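Visitor: Quick one: structure below, then a few questions.
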Amino acid sequence: MARWLTNRNRQAAPAVVLSDVRPEYADGVQASTALVSGGLAGEGFRLRLRLHGDGPLDHSATPFLPLLAILAAASGTDGVVDGSVDAAALDGAERAMAVQAGFFDLRAPKLQASEVVAGGAAAGSGEQAAGGRQGRGTGLFFSRGVDSMATFLTDRSEITHFIVIDWVDAPYLSEGLVAATAGTRAAAESIGVPLLRVTSNARQLLDANPGWLIFHGQLLAASALLLSPQLAEVRISSTVSAGDPTPNSVHELSTDLWSSSRTAVVHRHAVTGTRVDKTALVAGDDWAMRWLNVCFTKNGEGNCGACPKCLLTMTTLDLVGAGDRLGERFDAPLTVEAVRACAETVPRTALENQRSLIDRLDDGPMRDAWRQVLANTEAGLAAKGSALERRIAQRRSDGE
Ligand SMILES: [Zn+2]
């Protein structure tokens, strides 16, 4: 944890360099690849962004800018591209990363490139900023969680493609993951929305530092820019509610800044309100309830029903009137005892969702159980006392 503070205070080391951008093709998989070296990339690592299917990709260095930005920040240095990038994406990536660096106590990197191409984008509406549609669609990152389900139910008349991020590189590939991705494909096919399956090896480089929670927004942005020949706009569903100061890799203060002059990356709050309101939207739609997938614990399709994320979702579904349907998607029943049992393992990122749920629950044993879970989580975080947690607490008290 102290590493973040060290990074912020350290003088910039030699820059991380991104070079040798080139395509690869194998077995129906197309990739755009780039070599990164310096900083955490050491002697060199070949980053790959792949599309498992047909359709044109952006083979310039532009899609790699968000990943270069987080790699440079986590390395405590700047980023240099030996190659061609979109001017708007270069400027935006530096600004987006400055926001994220403030969230996570990283050093905000400067980014530069050997060739910067102006996209001719006009200021104004999203369509103009995206350089015109030219027959291109609007994509939505689709994990089948409450957030992306709610966004689809709100925006469905505008969404032309789903995008799923999947993992095929060691050690992330598993049978359970294959089953979950098959479920996502079936969900998309059942309503006739094409699914673009994107994979990357970026976790091999960035999982250890800065970690998935801090860099997943950059991978989503990179994937969106990779698809710019097909998509004029890509929407990313917010996990935190509008106005919530909790730092997140996907946040309303940074997401849209990752846009290029060709493709608008758009942060979406499906509803004004909390996760309870999003869950109510999902509960009212049979298709969404049929395919809802919130669980990261179960190794396969469906939801374990016992992890904190499942229990939070189940309690919320029960609150909004869908309690009789939990058995269709969750492997274990919702009980007060199960909620009490998850007290020690609730992640910090779920704190706001817990608070908004407790606000809405009626007095009774279930509300008492969640209050106890919340108290335990807060006490545990306070005891850890990491720099990041202190910063989040500070932002929260500043915002109040
Ligand atoms: Zn679960």
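Visitor: Report yes if Gly28 is of a type in the set (Gly, Ala, Ser), free of Cβ contacts under 8 Å to residues at least 40 places away in the same chain and under 30 Å from Gly135 (Cα atoms), otherwise no. So that I can check it myself, show each step before the final result.
Guide: Working: of a type in the set (Gly, Ala, Ser): yes; free of Cβ contacts under 8 Å to residues at least 40 places away in the same chain: yes; under 30 Å from Gly135 (Cα atoms): yes.
It is true that Gly28 is of a type in the set (Gly, Ala, Ser), free of Cβ contacts under 8 Å to residues at least 40 places away in the same chain and under 30 Å from Gly135 (Cα atoms).
Visitor: Sticking with this structure for a sec: Report the residue count in the range 77-94 for those that are crowded, with 22+ Cβ neighbours inside 10 Å and farther than 19 Å from Leu257 by Cβ.
Guide: Residues that pass the stated criteria total 1.
Visitor: When the range 264-287 is examined, which residues are found to be outside any loop (DSSP other than H, G, I, E, B), within 17 Å of Gly145 (Cβ to Cβ) and open to solvent by less than 30 Å² (accessible area, probe 1.4 Å)?
Guide: Passing the criteria: His267, Arg275, Val276, Lys278, Thr279, Val282, Ala283.
Visitor: Kindly list the number of the only condition in (1) of a type in the set (Asp, Glu); (2) modelled with pLDDT under 95; (3) within 18 Å of Lys278 (Cα to Cα) that fails for Glu344.
Guide: All conditions pass for Glu344, except number (3).
Visitor: Further question: List every residue pair whose Cβ atoms sit under 8 Å apart, with the two residues 6 or more apart in sequence or on different chains, where the first one lies in the range 282-309 and is aromatic (Phe, Trp, Tyr) and the second, anywhere, is within 6 Å of the ligand (Cβ to nearest atom).
Guide: Between residues of the range 282-309 that are aromatic (Phe, Trp, Tyr) and residues that are within 6 Å of the ligand (Cβ to nearest atom), the close pairs are Phe296/Cys307; Phe296/Lys309.
Visitor: Ser157 fails exactly one of the following numbered conditions: (1) assigned to a helix (DSSP H, G or I); (2) among the small types (Gly, Ala, Ser); (3) more than 21 Å from Lys298 (Cβ to Cβ). What is the number of that condition?
Guide: Condition not satisfied by Ser157: (1).
Visitor: Please name all residue pairs, on different chains or six or more residues apart, with Cβ atoms under 6 Å, provided the first residue is in the range 40-52 and is modelled with pLDDT of 95 or more and the second residue is assigned to a strand (DSSP E or B) and open to solvent by 40 Å² or more (accessible area, probe 1.4 Å).
Guide: Close Cβ pairs (under 6 Å, with a partner that is assigned to a strand (DSSP E or B) and open to solvent by 40 Å² or more (accessible area, probe 1.4 Å)) amount to Gly44/Leu35; Arg46/Leu35; His52/Arg197.
Visitor: Looking only at the range 267-324, filter to residues that are at pLDDT 95 or above and aromatic (Phe, Trp, Tyr); which one of those is nearest to the ligand (Cβ to nearest atom)?
Guide: Trp291
Visitor: Look at Pro229 and say whether it is in the same structural domain as Asp91 (by TED's automatic domain parsing), more than 28 Å from Ser84 (Cβ to Cβ) and more than 16 Å from the ligand (Cβ to nearest atom).
Guide: no
Visitor: From the list Arg371, Arg367, which one is more than 16 Å from the ligand (Cβ to nearest atom), assigned to a helix (DSSP H, G or I), open to solvent by less than 60 Å² (accessible area, probe 1.4 Å) and not assigned by TED's automatic domain parsing to the domain that holds Ala180?
Guide: Arg367
Visitor: Quick one: Ser261 ticks every box in (1) in a loop (DSSP other than H, G, I, E, B); (2) away from the ligand (no atom under 16 Å from the Cβ); (3) open to solvent by 20 Å² or more (accessible area, probe 1.4 Å) bar one, so which box is it?
Guide: (3)
Visitor: Does the range 288-311 contain at least one residue that is within 27 Å of Thr181 (Cβ to Cβ) and in a strand (DSSP E or B)?
Guide: Within the range 288-311, one or more residues are within 27 Å of Thr181 (Cβ to Cβ) and in a strand (DSSP E or B).
Visitor: Give the range 182-198 a look and list any residue that's out of contact with any Ser or Thr (no Cβ under 9 Å at 6 or more places or on another chain) and open to solvent by 20 Å² or more (accessible area, probe 1.4 Å), or say none.
Guide: Listed by number, the residues that qualify are Ala182, Arg185, Ala186, Glu189, Ser190, Ile191, Gly192.
The values are calculated or read from the model by the stated rules, or taken from the named source; none is laboratory data. Note that the structure is a prediction, hence the values are computed from the model and not measured. When we count neighbours, we look across all protein chains shown, and the Cβ atoms used for this are built from the backbone with ideal geometry, even at glycine. Just so you know, the surface numbers come from the protein's heavy atoms only, side chains and all, with ligands and any DNA or RNA stripped out. Shrake-Rupley method; radii C 1.70, N 1.55, O 1.52, S 1.80 Å.
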